[in-house]
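Enquirer: Got a structure for you, questions after.
The values are calculated or read from the model by the stated rules, or taken from the named source; none is laboratory data. This one's a predicted model, so the numbers in the text were calculated from it and none came from an experiment. All Cβ positions, glycine included, derive from the backbone under ideal geometry; neighbour counts span all protein chains shown. Keep in mind that these areas ignore ligands, DNA and RNA; they rest on the heavy atoms of the full protein, side chains included. Shrake-Rupley method; radii C 1.70, N 1.55, O 1.52, S 1.80 Å.
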Amino acid sequence: MAKTITTASLLALKQQGERIACLTCYDAAFAQLLERAGVEVLLVGDSLGMVIQGQRTTVPVTLDQMVYHSRCVSRMAARSLVIADMPFMSYATPERAVDAAARLMGEGGAAMVKLEGGEPLVETVARLTAFGAPVCAHLGLLPQSVHQLGGYRVQGRDAADAERIEADALALQDAGASLLILECVPSALASALSQRLRIPVIGIGAGNGCDGQVLVLHDVLGLTPGSAPRFSKNFLAATAVESRAGHDGDAAGFSIEAAIKGYVAAVKSGAFPAAEHTLA
Ligand code: KIV
């Protein structure tokens, strides 16, 4: 990965049919390691509320905390594109969204901001992009709405729900979104949307027909407090097994960096997500 990754290079990867590797990242040490391992997009996700702070949901995460972690990551990321999550309610109006994006990009050094939700955010996305803030949309399971959804469940299973997600995705793309994260939707819906949309679609629990994949770093390393979601994979454990098999007990191939490289290779080849990580 030689050149700096931009929204244009992500679009070029989609057009060339090369899958995009994305992981969450919350600090400088991992920013350096993930970038070295070939991860193109570092998402400073508000999942940090759960995996770093031990909160039950992402709702308590504040804008100050997101700015702090974005700055830690972006200081060290020379080439990877850094996306910062806009925390709960920080984009409840277009004006608040502009103020929050100014902090995440200005103080936090992010190159893109991410927000959760569909058609009601069209004006906000248009406003942000008009002022020069690239936007990653997020549809499907919306973790910030967990209290309204009543739990972390697969979305888009029935036809009406799938149609709403598709309409939302098209509206957000038309409003100027540069990227879409689709979380916990059936893989057929995610594949169809990836083909229909011009912008890259990054899946999480959305099957391997997307233009790229994202996982929570702590799931990939087996560090998640409690149990990791079924669609994720512990690449550190998988690398340890391969290393033992391939090197007859030699641990040389077993490291966090090797695990991240394994994730990148599996995303690029389409080996991840496999059938057992795919939700129907
Ligand atoms: O906050 C986060 O880490 C995310 C990913 C799960 C996509 O939004």
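Enquirer: Kindly indicate whether L128 is away from the ligand (no atom under 14 Å from the Cβ), buried (at least 24 other Cβ atoms within 10 Å of the Cβ) and closer than 21 Å to L11 by Cα.
Expert: Criteria met by L128.
Enquirer: Would you point out which residue out of S187, S194, S178 is closer than 25 Å to T124 by Cα and in contact (Cβ under 8 Å) with a residue 40 or more places away in the chain?
Expert: Working: S187 fails: closer than 25 Å to T124 by Cα; S194 fails: in contact (Cβ under 8 Å) with a residue 40 or more places away in the chain.
Answer to the selection: S178.
Enquirer: Scan (1) within 15 Å of the ligand (Cβ to nearest atom); (2) buried (at least 24 other Cβ atoms within 10 Å of the Cβ) for the single condition S80 breaks and write down its number.
Expert: (1)
Enquirer: Something else now. All but one of (1) crowded, with 23+ Cβ neighbours inside 10 Å; (2) assigned to a helix (DSSP H, G or I); (3) not small (G, A, S) hold for Q148, so report the exception by its number.
Expert: Only one criterion in (1) crowded, with 23+ Cβ neighbours inside 10 Å; (2) assigned to a helix (DSSP H, G or I); (3) not small (G, A, S) is unmet by Q148, namely (1).
Enquirer: To continue, here is another question. Among the candidates D46, D64, single out the residue that is farther than 16 Å from I202 by Cα and within 11 Å of the ligand (Cβ to nearest atom).
Expert: D46
Enquirer: Which count do you get for residues in region 36-57 that are over 26 Å from A259 (Cα atoms) and either open to solvent by less than 60 Å² (accessible area, probe 1.4 Å) or in contact (Cβ under 8 Å) with a residue 60 or more places away in the chain (or both)?
Expert: Of the residues in that region, 1 qualify.
Enquirer: Another question, then. Read through the list (1) within 17 Å of Q144 (Cβ to Cβ); (2) touching a residue at least 60 places away in the same chain (Cβ under 8 Å), then give the number of the only condition that L13 fails.
Expert: Every condition holds for L13 apart from (1).
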